[in-house]
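Heads up: the structure comes next, in structure tokens.
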Amino acid sequence: MRSIQGGRTVTITAMLAMWFMLWSSVVSGWSIGSMQSTPPLLLEESYCLSRRQTLQATAMTTMSAWILGSQIAHAEDTGSSLLYTRQQATKPSPVSYRIDLPSSMKESSKPVKTHLDEVNFSSESLKGYQYGVTVDPVRISSIQEFGTPEEVAARVVTAEVNRDGVFEVTLLEDPYKVSDDGKESAYILEYLSDGKRGKKVILNKIFVSSSKLLYVLTAQCKQDDYPTLKKEMKSTVNSFQVI
């Protein structure tokens, strides 16, 4: 296990600094209980569309979906799990993914959304147990263009530990790459975040689609609950696919 403590100064290039800003807005846009969004941030132009372009794309998404009736969010209860499929007529590229969620999950909303597309789920029976999926336009077409799994994990951990109220972040497993049905590759990360709100285990599955959309699944629970939830959370993370 490797850990980074808050307050440590990290020297990075300007491009990586912008990447940290992007990552903070993607994976830290919702938190336990409060579900408060991260303030809008300026992003590196070579990687991510500008905020104005994103807002315009979001507006076009709402309008085109209203006109075409093409927004689809379907949840199929299979007993022990909930197969959730989401397809949105977003601009510049449509959003399309599926995930097999635990049956205890209920969709929850945020007052302000800061991504092209965003959905959050919270357990009805266990406080702090959550899943969230965010989608944002980027200027690259594969996760490998962000770096290796280890490089991406280092950036994610640094971004997390630099958040207000976070004291220390520890990688629980070595990050690794997976490929779903021979299509887009994804990186999976697992780490422990220790902060003012307590200790929580976070899992991420990160895709960049060929249509230049960044998909991020974030699963989290309290550290004390993780031994019981570990198998379920890993299964859910593995089920997340871009379609």
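Being surrounded by 15 or more Cβ atoms within 10 Å (Cβ to Cβ), in contact with a Gly (Cβ under 9 Å, 6 or more places away or on another chain), more than 21 Å from residue 94 (Cα to Cα) and not charged (D, E, K, R) is true of residue 169. Considering only region 192-243, state which residues are more than 15 Å from the chain's Cα centre (by Cα) and among the polar types (S, T, N, Q). Correct list: 193, 210, 211, 223, 228, 235.
Put simply, of 164, 194 the only residue that is among the acidic types (Asp, Glu) and surrounded by fewer than 18 Cβ atoms within 10 Å (Cβ to Cβ) is 164.
If you filter region 92-150 down to residues that are aromatic (Phe, Trp, Tyr) and modelled with pLDDT of 95 or more, you find that the one that is surrounded by the most Cβ atoms within 10 Å (Cβ to Cβ) is 131. Residues that are closer than 24 Å to residue 230 by Cβ and in contact (Cβ under 8 Å) with a residue 12 or more places away in the chain were ranked within region 172-181; the one that is surrounded by the most Cβ atoms within 10 Å (Cβ to Cβ) is 175.
Residues in region 125-184 that are of a type in the set (Gly, Ala, Ser), within 20 Å of residue 241 (Cβ to Cβ) and under 15 Å from the mean Cα position of the chain (by Cα): 1 in all. Of the strands (runs of 3 or more DSSP E) lying entirely inside region 174-238, the ones with 1 or more residues being in contact with a Cys (Cβ under 9 Å, 6 or more places away or on another chain) and aliphatic (A, V, I, L, M) are found at 198-208, 213-222. If the condition is being β-branched (Val, Ile, Thr) and at pLDDT below 95, then region 153-167 contributes 156, 157, 158, 161.
Does residue 151 count as in contact (Cβ under 8 Å) with a residue 60 or more places away in the chain, of a type in the set (D, E, K, R) and either closer than 19 Å to residue 101 by Cα or not in a strand (DSSP E or B) (or both)? It is false that residue 151 is in contact (Cβ under 8 Å) with a residue 60 or more places away in the chain, of a type in the set (D, E, K, R) and either closer than 19 Å to residue 101 by Cα or not in a strand (DSSP E or B) (or both). Select from region 218-235 the residues that are surrounded by fewer than 23 Cβ atoms within 10 Å (Cβ to Cβ) and of a type in the set (A, V, I, L, M) and write down the one among them that is nearest to residue 96 (Cα to Cα). The qualifying residue nearest to residue 96 (Cα to Cα) is 233. For region 168-209, a tally of residues being modelled with pLDDT of 95 or more, closer than 21 Å to residue 135 by Cα and of a type in the set (Asp, Glu) returns 1.
The values are calculated or read from the model by the stated rules, or taken from the named source; none is laboratory data. Computed from a predicted model, the values in this text were never measured in an experiment. A quick note on method: Cβ atoms are made from the backbone with ideal geometry, for glycine too, and the neighbour counts reach across all protein chains shown.
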